[in-house]
1. For the charge dipole of region 1-56, defined by +1 on Lys and Arg C-beta atoms and -1 on Asp and Glu C-beta atoms about the Cα centroid, which residue among Y48, L34, F21 has the Cα displaced farthest towards the positive pole?
2. When a/c is below 1.5 the answer is rounded, else prolate if a/b is larger than b/c, else oblate, so apply that to region 16-90 with a ≥ b ≥ c taken from the square roots of the Cα gyration tensor eigenvalues.
Amino acid sequence: FNQGLLCLLADELYSCRFGTFLLSTQQEREALRLRDTTTSIWTYLNGYRSVLENRTFVADQVLLPTQSSLLRGVTVWPHVFLRWSAQASAVDIPCANSQVFVDNELRQPSWRLSHSILSLLAELNPPKH
């Protein structure tokens, strides 16, 4: 997969749109039956597979960085952390231009609704301790 997938996962981790990332543990997700009442992000992403695939990927190829380069190249990931800054307009930020992200912007009201529904589900089905 390409960095578009990583950008999307970084966004969706905090959006509360998918049951995949809700709550802290799998046990809590199972107690609220989130698998039955929410959508998995993986199901959603299957519809965008062609956009999110890395066309240069070679199966069974092992990529091992040298130890000396492991920390030398650590920088802020501009495609996630700088894409909304004023300086980003001069840089090509594919994550901000992808149709997947346009679709997400259009669905923002549904995210709020999903969060409200999950809150109500939590009230109706409190976890059993």
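1. Checking the options against the dipole of region 1-56, the answer is Y48.
2. Since a/c reaches 1.5 and a/b is larger than b/c, the shape of region 16-90 is classed as prolate.
Each value in this text was obtained by applying a stated rule to the coordinates, not by laboratory testing. Computed from a predicted structure; not experimentally measured. Here Cβ is always computed from backbone atoms with ideal geometry, including for glycine, and neighbour counts include all displayed protein chains.
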